[in-house]
Ligand code: FES
Ligand code: FES
């Protein structure tokens, strides 16, 4: 029984594009064709003449009728840089990236709006484009934000443990660099919503692909200057999100359009626009040194990671914040003496930076795993040897890592061992050397990592807020509310399972409600679903169970200890033949006889209502300062073959071993693993947003921005270990990002292994065929030079 | 310019007044009963809008409605019989070859054509993957979709199919 999936499969999805309201108008954005320019004038006369055009909104209107976008994260530490921009959802005077909206056309239907959008005439005065971080940081570079000193938005400095001692102690130090290209998570469904402003009540309601309705409400209400209590945001069926539908800003203009026209206004983003004006991620350059001893003991790291944020990333999106996990993640699952890591975020003329599965954790892991494997190769060790030597051991939990993370549980060596067995790693190594003699290049990649999940950080919108409500209705069905939207990651089925198990009801009678902004929380992000919301839901269900037991004891005239809740029935073990269905039971508690029929003590304590609203907070974060609560464990092994003539990489085998604590629904977890791994493969091999020096984005469609199809995606073998987390209510750990984190790292490692005889360093993703060919050619000419 | 179009959709003969530049996707989506046909790229690259046109999978975003006079169109709604999900649909939910569900209707139609035309020789993974190449999915990594297609073919070979 899969309620949601059964509904969707029968074509009964209600996605943003399916929304229909009477008298609804349609909004289409006009985007800038330039990467950086002053807006001299906007002439909307011709566009307004298109029959059916209702109104055209420009940056002027937005500035006049709405407030700047609120700040979503703000850190002021001595010695750090954290600059904020004062920006509106649409600027009146200047565009800073290719595609940035300059006007919004509202018309009777989408077609008319599109025709009119093409007729909006904008005169631009071109400004110098800052196309790269290097250019942005040059002295005298054109500033993107006039009131900033330069183009650096963020500079964070972290000292974990004792980095100086680590480097003093070390036998050796190796230089490591790593670069990854700019990507977008692009779900297949773009963003879309309908805004409905009610002039009589001065209220606003929206429906759409909102991943975090509560945060969107805050941001939209603040921009429109309406009290939050007068705004409601509803998530509808969402066609994939992966972090990219967290933050609202174009949606704010849809809301404004409804307010200005007095009509429901729908906006469905063309897919091309989702790529040009949607959130981007990655695009980092790492440079550092890793310190270790001759026996493979890891000691320390000094590194700097520079992020190309695109335009400011604290208002439209919040992903300047992802620099934190990027800097912290390199500690991974190993013991260290110390690390010094600096994270820098620079603004350029590119679309803004926002969340995408991984959110910086992926960057830190990719960097450190490549570095550890480089150390192993350098020392003539296998990748497993160096890991077994440095792993935190199963008896050391909870383990206080040098970066303040409190690692909850796990058996790191067992996960790696299992992955090696499942992958038949020895056999493939033998095959590799056999094939090499015949001019075929097989590579075996191996990475291990933990995924920090369940984020709670101060001074931003990700502080660890969550709310859940579980109630029994008078007909005995169960309603579950939380902030965890269903974005295809199985939150409905997981919450139904948790609640059904605790209350002893049938899953079919549990109704997991669509998420609205009525429920407080930061939603499903940073893999927090299984940590915060699921814990809050489990806690609410347990508290509700106590009420059910009390009321049942009263109704059944039984001892509380004897009350059994099972399979949709309520009964006493002392008289098992008298069974009430939940429906009969609820009817008695609510109406016949109702509260007056209950034990007076229950009424005196006001505990007669079968309805619990609660919250949950990490047990480790408050005292330790650990920004995350659970750490799921993974080991990935990939076998690839690289064709050295064409540079093409083929994935022969992919193994992922996983320990996400208690498994709530294995099929859901496996699905998350498959999907994440294939997204990571996309990043490792194909995906890269390609801006030219004029700031034009060259690949804005699926035919040029290549995501893996069924043909490139490999079959994936999975095994699970199950070490419960002591810190979540269900023992489950967040795991949604782990698969993408591991796969992009392991594929690159496998390519490096395949090309080991050429002595090629694979430290720049995506490893496209052209790049692989170039590395081989460079290596061959360098080797010739040696002779 | 508007014109009349006669077309059979999911077994029903319909007549629509259409705009000459309207695509089949736009026509289908304008009717609440065919909204499983999803719109994403509108450029023939994602497969979310796949329907069967005279039995062949096509990207409906690339087809002008005016060009399909007299044709037969099948959308995933047309696979449902008496309120019951088609065995192919059951296989997709059983194997969880559906996550966000956005690519699913297109995947279903392409798989339906593949299995219907495959005879009873078991399809290989490679055949299935090749056939679904034009249907992008960002959620499932395709593994459970391939499993679902295999399961559905078994259902068909076991006599459960329509
Ligand atoms: S919408 Fe038709 S192929 Fe993408
Ligand atoms: S299930 Fe989400 S795109 Fe396929």
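Numbers at a glance
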| item | result |
| --- | --- |
| Selection count, the range A:360-388, where residues are touching a strand residue (DSSP E or B) at 6+ places or on another chain (Cβ under 8 Å) and over 17 Å from residue A:749 (Cβ atoms) | 1 |
| Number of positions in the range A:587-598 that are crowded, with 16+ Cβ neighbours inside 10 Å and either in contact with a helix residue (DSSP H, G or I) (Cβ under 8 Å, 6 or more places away or on another chain) or not assigned by TED's automatic domain parsing to the domain that holds residue A:478 (or both) | 3 |
| Selection from the range B:59-90 of residues that are over 20 Å from residue A:7 (Cα atoms) and within 16 Å of ligand 1 (Cβ to nearest atom) | B:59, B:60, B:61, B:62, B:63, B:64, B:65, B:67, B:68, B:73 |
| Qualifying residues in the range A:665-694 (those that are away from chain B (no Cβ under 14 Å) and surrounded by fewer than 24 Cβ atoms within 10 Å (Cβ to Cβ)) - the one nearest to ligand 1 (Cβ to nearest atom) | A:689 |
| Complete set of residues in the range B:59-80 that are in a strand (DSSP E or B) and surrounded by fewer than 19 Cβ atoms within 10 Å (Cβ to Cβ) | B:64, B:72 |
| Number of the exception - residue B:9 against (1) out of contact with any helix residue (DSSP H, G or I) (no Cβ under 6 Å at 6 or more places or on another chain); (2) within 16 Å of ligand 2 (Cβ to nearest atom) | (2) |
| Residue within the range B:91-103 that is under 20 Å from residue A:187 (Cα atoms) and within 14 Å of ligand 1 (Cβ to nearest atom) present | yes |
| Residue B:106 vs. criteria assigned by TED's automatic domain parsing to the domain that holds residue B:145 and either within 12 Å of the chain's Cα centre (by Cα) or within 16 Å of ligand 1 (Cβ to nearest atom) (or both) | yes |
| Residues of the range B:131-162 classified as closer than 18 Å to residue B:46 by Cα and under 16 Å from the mean Cα position of the chain (by Cα), total | 9 |
| Among the candidates A:458, A:413, residue that is assigned to a loop (DSSP other than H, G, I, E, B), surrounded by fewer than 24 Cβ atoms within 10 Å (Cβ to Cβ) and within 28 Å of the chain's Cα centre (by Cα) | A:458 |
| Selection from the range A:163-172 of residues that are surrounded by fewer than 18 Cβ atoms within 10 Å (Cβ to Cβ) and in contact with a strand residue (DSSP E or B) (Cβ under 8 Å, 6 or more places away or on another chain) | A:164, A:165, A:169, A:171, A:172 |
| Residues of the range A:639-664 that turn out to be on the phi < 0 side of the Ramachandran plot, part of a loop (DSSP other than H, G, I, E, B) and modelled with pLDDT of 95 or more, as a count | 8 |
| Selected residue (criterion: nearest to the other protein chains (Cβ to nearest Cβ)) from residues of the range B:146-161 that are within 16 Å of ligand 2 (Cβ to nearest atom) and in contact with a helix residue (DSSP H, G or I) (Cβ under 6 Å, 6 or more places away or on another chain) | B:146 |
| Filter result for the condition that a residue is at pLDDT 95 or above and within 27 Å of the chain's Cα centre (by Cα), over A:14, A:49 | A:14 |
| Qualifying positions in the range B:41-57 - more than 8 Å from chain A (Cβ to nearest Cβ), assigned to a loop (DSSP other than H, G, I, E, B) and buried (at least 23 other Cβ atoms within 10 Å of the Cβ) | B:47, B:49 |
| Which numbered condition residue B:38 fails, given (1) within 14 Å of another protein chain (Cβ to nearest Cβ); (2) outside any loop (DSSP other than H, G, I, E, B); (3) in contact with a strand residue (DSSP E or B) (Cβ under 8 Å, 6 or more places away or on another chain) | (2) |
| Scope the range B:109-142; condition within 7 Å of chain A (Cβ to nearest Cβ), free of Cβ contacts under 8 Å to residues at least 24 places away in the same chain and within 16 Å of ligand 1 (Cβ to nearest atom); matching residues | B:133 |
| So residue A:8, is it within 13 Å of chain B (Cβ to nearest Cβ) and in contact with a strand residue (DSSP E or B) (Cβ under 8 Å, 6 or more places away or on another chain) | yes |
| Residues that are under 29 Å from the mean Cα position of the chain (by Cα) and either assigned to a strand (DSSP E or B) or within 11 Å of residue A:293 (Cα to Cα) (or both), drawn from the range A:150-176 | A:152, A:153, A:154, A:155, A:156, A:157, A:158, A:159, A:160, A:161, A:176 |
| Candidate set: the range B:17-35, residues that are in a helix (DSSP H, G or I) and buried (at least 20 other Cβ atoms within 10 Å of the Cβ); chosen: the one farthest from ligand 2 (Cβ to nearest atom) | B:27 |
| Within the range A:43-74, considering residues that are surrounded by fewer than 19 Cβ atoms within 10 Å (Cβ to Cβ) and part of a strand (DSSP E or B), the one nearest to the other protein chains (Cβ to nearest Cβ) | A:55 |
| Subset of the range A:639-657 (residues that are in contact (Cβ under 8 Å) with a residue 12 or more places away in the chain and within 14 Å of chain B (Cβ to nearest Cβ)) | A:651, A:652, A:653, A:654, A:655, A:656 |
| Those residues of the range A:1-17 which are closer than 19 Å to residue A:213 by Cα and surrounded by fewer than 17 Cβ atoms within 10 Å (Cβ to Cβ), in sequence order | A:14 |
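The values are calculated or read from the model by the stated rules, or taken from the named source; none is laboratory data. Treat the numbers as computed from the prediction; the structure is a model and nothing was measured. Note that each Cβ is placed from the backbone with ideal geometry, even for glycine, and that neighbours are counted across all protein chains shown.
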